[in-house]
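What follows is a set of notes on a single structure, which appears directly below.
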There are 2 protein chains.
Amino acid sequence: MKGNKQSNQINLLGKEEQQLRVDRLLAEMANQGIGSALISSNVNIYYLTGRVFRGYIYISAKSDSLIYFLRRPLHLEGEYISIRKPEDMAAHIAKLGLANDAALEFDSASYSEICRLAKAIGGDKPSANVSGALRKARAVKTAVEQDMLKMSGLKQTHVYTTIPHLYREGMRDIELQIEIERASRLDGCLGQFRVAGNDMELFMGNILTGENGDTPSPYDFAMGGEGMDPSLPVGANGSIIKPDMPVMVDINGNYTGYMTDMTRCFCAGEPSSEAQKLNALSAAICAELAKMMIPGTPASQLYNRAAEMAKEAGYERFFMGHRYHAGFVGHGVGIEINELPVLAPRSKDIIQEGNVIAVEPKFVVPGLGAIGVENTYIVKADGGEKITLAPEDIVSLD
Amino acid sequence: MKGNKQSNQINLLGKEEQQLRVDRLLAEMANQGIGSALISSNVNIYYLTGRVFRGYIYISAKSDSLIYFLRRPLHLEGEYISIRKPEDMAAHIAKLGLANDAALEFDSASYSEICRLAKAIGGDKPSANVSGALRKARAVKTAVEQDMLKMSGLKQTHVYTTIPHLYREGMRDIELQIEIERASRLDGCLGQFRVAGNDMELFMGNILTGENGDTPSPYDFAMGGEGMDPSLPVGANGSIIKPDMPVMVDINGNYTGYMTDMTRCFCAGEPSSEAQKLNALSAAICAELAKMMIPGTPASQLYNRAAEMAKEAGYERFFMGHRYHAGFVGHGVGIEINELPVLAPRSKDIIQEGNVIAVEPKFVVPGLGAIGVENTYIVKADGGEKITLAPEDIVSLD
């Protein structure tokens, strides 16, 4: 861990890398008949510049370059228009001859903010939604993004290999989680766990053991858990880790601004043969789906294959939950934990080269708890390349 | 830290406490001419029931009780209407004779979600915004909420008293932060740092030392910092903690679902006399503002008094920042870190009994870094009662 000295450029990506992303976004906008857009969310400002600032980015098919409206911080280097409030944009937009009905991020900005922004750029009312185009653009990662994901995968892998050393006999699930959080942070984990949408809240991830694996949460995560408090009802609930009970660890892999997603099971004693069988099944489903990640394949086929393998093994009832079943087996991952494509029965997504996909075929069996492996893969021409590399067996905590 | 076994009731507050909050909200809604509302955000569902679930709460001046539309989890006890998707509400709302133009949370739900919800309850378009009424209702805490805040204050205070033991010579700011995070979590800190609005992201809080205190962030926090990564440009940046340089600690106080906010300065060696003077000035401003927290007082008066004291002492230039000045000296705190009232020059808020207010008169001086004290107070009839009780001097890290 070393001191940090960042460049002050408003665009940290460099011209070429930024252009790749801009081109991807403009292509998706064109597909949807959107000519111009004003980007306002932290995650998408980060996507287009490699940094978070407070302000807006105007992008248009007609213009060569992005136009930055910067609110804070105002000490950056590069060409931008300094504004104090969104309403300051209208005069600039009129003067520059830009469209005053640019599409906005309807899926992430609040209703109040969108209404304000629509007026602030000189329009009457919100015109079009650019959120879908952004999601589609971000679903295919550039080589630079892939490298950042690989780096997160390496660091997360290293932390997972230290987990057995963090365990002490008699520990509660939350206590082990806290030690993993610390180890992750010391290895450079940024902590922030970005989730698209307002519904889902998670702190640093999820550790489940025993019965708690079967407690549904309000959130659309693959596994639930009761949590420590009704204000945040997900994950570890203070259960003591029993020697014969696996512990499923699914902790934040955001080391670079890009998150990998990895789950592994651990056991203080000898895991039961059924637990081992289920864990092996989960790993086998991961491997099978990785092979199926051939560009052009419908994402739904991967879900169906996973469900089929669970059924063939006689574990259909416990696949992706027991009291509550999650409706997917995998998801894109990147700046946020829930990106495209979605591996679900009714997903219309098609696997593309450059997708980065977390596959998490998990099982909850009463008396056994939550068991499963999760890996993140980069889609190459010939299938998924695994970038979360910790051993996949149930690892002994001794 | 013990095992956790929560009640399964959909309303965890009990009838009486819930009624207090409902009455407060209905009164604020009436002030704004709003007859009915549909609540959708996690924080406001938590406010009205004491738990987070996925679903919606319909509240109306005409009805005796709240109507719950529950999506997940569906194993709760109590009376509710189970729905699979928002659109399932319309038929129930028509059948029960409820208004199909209930106000919605325009300030927190996305534009897409609000448009969908408006139709899902059978209306044409979004009718009115209930966010302001909710913010005003929540600004005055009930006795139960005050107790939860006091409990958070006690736990946070305990963690702060352990900080000197967490320091090791040669440590970087981020390393000390990680040890404080761990200590906080072991004492029951839930981690989640809830901020209203989409702009501001912060993980577990902020530690600033040396020059980094003068680095502006994009976020509307009192102090900035460069952060460890451009994807999250705030807070510690890996600076080595120098013996003569104070370290300002402002770490997450969410132990109960309600957050207290406390800042203290620490120093590995002997702090300079100027640092001590500034820290004492900050503590004196806190104490003065606490005395001024008499119900009926305009919040702007408190800001003005703080600015005046900074000016009298000759530190106007460094008050609430140096390269960038934050435009407030305090803020309400509760379920979220940025509640009402706001202590700012143009604030129209009036101090009310039951407000819970964090006061943070901070200074950034080149060569000295960030210095200041922050306390959380409950407004009583005769002034503010401090609930963040760690010693206010610059504490030695030895």
The Cα radius of gyration of segment B:131-204, divided by 2.2 N^0.38 Å with N its residue count, comes to 1.40
Across B:187-197, the residue-averaged tally of Cβ atoms belonging to other chains within 10 Å stands at 4
Taking max minus min of the Cα coordinates of segment B:118-243 on each principal axis, largest first, gives extents in Å of 63, 36, 22
Measuring from its Cα centre, the protein assembly as shown shows a charge dipole (+1 at each Lys and Arg Cβ, -1 at each Asp and Glu Cβ) which, in debye to the nearest 20, is 1360
Mean projected area, convex hull of alpha-carbon positions in segment A:1-155, reported to one decimal in nm², is 9.7
GNM of chain A, Cα pairs under 10 angstrom: of A:Glu211, A:Glu77, A:Glu87, the biggest fluctuation goes to A:Glu77
Expressed as a percent, the accessible surface of the protein assembly as shown that is carbon or sulfur, using a 1.4 Å probe and the full set of protein chains, is 50
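Suppose we take every Cα in segment B:320-398 and form the convex hull; what volume per residue is that in Å³? Working shown, then result.
Values: hull volume 9.4 nm³, N = 79.
In segment B:320-398, the Cα hull volume divided by residue count equals 118 Å³.
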Per-residue average of other protein chain Cβ atoms inside 10 Å, peptide B:101-109 -> 3
Largest fluctuation, A:Asn279, A:Asn198, A:Asn212 only, Gaussian network model of chain A with Cα springs under 10 angstrom, belongs to A:Asn198
at A:Gly33 the sorted inter-copy label distances (label 7 Å from Cα on Cβ side), in nanometres, are 3.6
The pairs in A:Lys125/B:Lys125; B:Lys242/B:Lys311; A:Lys85/B:Lys348; A:Lys155/A:Lys242 lying past 18 Å Cα-Cα in this model are B:Lys242/B:Lys311; A:Lys85/B:Lys348; A:Lys155/A:Lys242
Rounded to whole angstrom, the alpha-carbon centroid of segment A:341-398 lies from that of segment B:53-129 at a distance of 35
D (µm²/s, integer) via Stokes-Einstein for the protein assembly as shown, Kirkwood Rh across alpha-carbon pairs, 10 °C, 1.306 mPa s: value 59
Note: segment A:182-324, point scatterers on Cα, Debye, no solvent; log10 I/I(0) at q = 0.14, 0.20 Å⁻¹ equals -0.81, -1.44
Contour minus Cα-Cα span, B:Arg317 to B:Ala143, at 0.36 nm per residue, comes to 58.7 nm
Residues meeting the amide H criterion for B:Met320 (H placed from the backbone, H to H distance under 5 Å, 5 or more places apart or on another chain) are B:Lys362, B:Phe363, B:Val364
Of A:Arg194, A:Arg172, A:Arg72, the most mobile residue in a GNM of chain A (C-alpha springs, cutoff 10 Å) is A:Arg72
Karplus-derived 3J(HN,Hα) from phi for segment A:49-63 (6.51 cos²θ - 1.76 cosθ + 1.60, θ = phi - 60°), whole Hz, x at Gly and Pro, runs 10, x, 8, 9, 9, 9, x, 9, 10, 9, 10, 8, 5, 7, 10
Segment B:254-290 and segment A:303-319 have their Cα centres apart by a whole-number Å value of 57
Label model pair B:Glu77, B:Glu16: point-to-point distance (7 angstrom along the Cα→beta-carbon line) in nm is 2.0
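Could you give the C-alpha radius of gyration of segment A:176-225 expressed as a fraction of 2.2 N^0.38 Å, taking N as the number of residues it contains?
Against the compact-globule rule of thumb, the ratio is 1.27.
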Expressed in angstrom and rounded, the centroid-to-centroid distance over alpha carbons for segment B:139-169 and segment B:220-245 is 23
Cα pairs beyond 15 Å in segment B:249-306, in percent, come to 65
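Between B:Thr161 and A:Glu169, what FRET efficiency comes out of the Förster formula 1/(1 + (r/R0)^6) with R0 = 30 Å and r the beta carbon distance, rounded to 0.05?
0.55
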The base-10 log of I(q)/I(0) that the Debye equation returns for segment B:107-146 at q = 0.15, 0.17, 0.28, 0.36 Å⁻¹, one scatterer per C-alpha, is -0.49, -0.57, -0.92, -1.15
Of all C-alpha pairs within segment B:244-398, those more than 25 angstrom apart amount in percent to 25
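What pairs in B:Lys62/B:Lys136; B:Lys15/B:Lys141; B:Lys95/B:Lys136; B:Lys15/B:Lys150; B:Lys62/B:Lys119 have C-alpha atoms more than 28 Å from each other?
From the list (B:Lys62/B:Lys136; B:Lys15/B:Lys141; B:Lys95/B:Lys136; B:Lys15/B:Lys150; B:Lys62/B:Lys119), the Cα-Cα distance tops 28 Å for B:Lys95/B:Lys136.
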So, in nm and shortest first, the distances from A:Glu353 to its counterparts in the other copies, with label points 7 Å along Cα→Cβ, work out as 7.2
PRE zone check, label point 7 Å out along Cα-to-Cβ of A:Arg346, amide N under 20 Å, scope segment A:120-145, hits A:132
With a 1.4 Å probe and ligands and nucleic acids left out, the total accessible area lost when B pairs with A, in Å² to the nearest 100, equals 6300
Averaging 1/r across every pair of distinct alpha carbons in chain A and inverting yields a Kirkwood hydrodynamic radius, in angstrom, of 22.1
Evaluated at 37 °C and 0.692 mPa s, the Stokes-Einstein D of segment B:36-85 based on the Kirkwood radius over Cα pairs, in µm²/s, stands at 298
The ³J(HN,Hα) series, computed from each phi in segment A:264-276 with the Karplus coefficients 6.51, -1.76 and 1.60 at θ = phi - 60°, rounded to the nearest Hz and given as x for glycine or proline, is 9, 9, 10, 8, 6, x, 7, x, 5, 5, 5, 4, 5
The equivalent-ellipsoid semi-axes of segment B:80-125, taken as the square roots of five times the Cα gyration tensor eigenvalues and listed largest first in whole Å, are 18, 12, 9
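About its Cα centre, how strong a charge dipole does chain B have in debye, to the nearest 20, once Lys and Arg get +1 and Asp and Glu get -1 at the Cβ?
In debye, rounded to 20, chain B gives about 1260.
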Quick numbers on segment B:1-81, Rg and Dmax over C-alpha atoms in Å, give 13.2, 46
homo-copy label distances at B:Asn304 (7 angstrom along Cα-Cβ), nm, one dp, ascending, are 7.2
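The values are calculated or read from the model by the stated rules, or taken from the named source; none is laboratory data. Computed from a predicted structure; not experimentally measured. When we count neighbours, we look across all protein chains shown, and the Cβ atoms used for this are built from the backbone with ideal geometry, even at glycine. Remember, those area values only see protein heavy atoms, side chains included, never the ligands or the DNA or RNA. Shrake-Rupley method; radii C 1.70, N 1.55, O 1.52, S 1.80 Å.
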